[in-house]
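Trainee: Sending over a structure as C-alpha cells; questions will come in a sec.
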Amino acid sequence: MARAVKSSDNYLSRVLKHIPSEIVMAYLTIDGVLTSAYQNDPAMLEKLLWATCIILVVVTPLWLWRVERVHKGKQVLLSTISTIFWMFAIGGPFRFLPWYNPALGSLALPFYTLLVPIIIGDKT
C-alpha cells in the first residue's frame, strides 16, 4: 500500500512508509509473541528473532513484486533495505549484538533518510 512521505514526518515514519504494512505487522506480531514466550530463554529468542528478520527481509521483495505488483527495481530495493534499517532502529534481533545501542538505530535513520534520494536519484 503506497503512502506519501511528508517533509513533516520524523525519520522513523519516513522509513516505515517504504515498508509494506503487512511486513511491519508480521514482524511486530512475531516479535511480541516470541518475546513473551521465550522471556526465560534469551538464546532461543535471539535465534528465532534472527530467523524472523531474515525470512521477512527475503519475503519483502517477493511480497512487493507478487502481491503489490511493484515492478520498479529501485522501489523494491529501497523497501527491502528500509525493512532492515527499520528493524535495526527498533532493536529487532540486533539488540542481542554486544555492540548494539538503541542510539545507533536513532542515528542510522536520519543518515539513511538523507542518503536514499541521493542514491536512488529522486525523492521516494
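The values are calculated or read from the model by the stated rules, or taken from the named source; none is laboratory data. Being a predicted model, the structure only gives us computed values, none of them experimental. Positions of Cβ are backbone-derived with ideal geometry, glycine not excepted, and every protein chain shown enters the neighbour counts.
Trainee: Of the conditions (1) surrounded by fewer than 16 Cβ atoms within 10 Å (Cβ to Cβ); (2) at pLDDT 95 or above, Gly91 clears all except one; give me its number.
Mentor: Against the list (1) surrounded by fewer than 16 Cβ atoms within 10 Å (Cβ to Cβ); (2) at pLDDT 95 or above, Gly91 comes up short only on (2).
Trainee: Here's something else I'd like to know. Only one residue in Ser106, Ser82 is farther than 12 Å from Ile23 by Cα, of a type in the set (S, T, N, Q), touching a residue at least 12 places away in the same chain (Cβ under 8 Å) and in a helix (DSSP H, G or I), so which one is that?
Mentor: The conditions single out Ser106.
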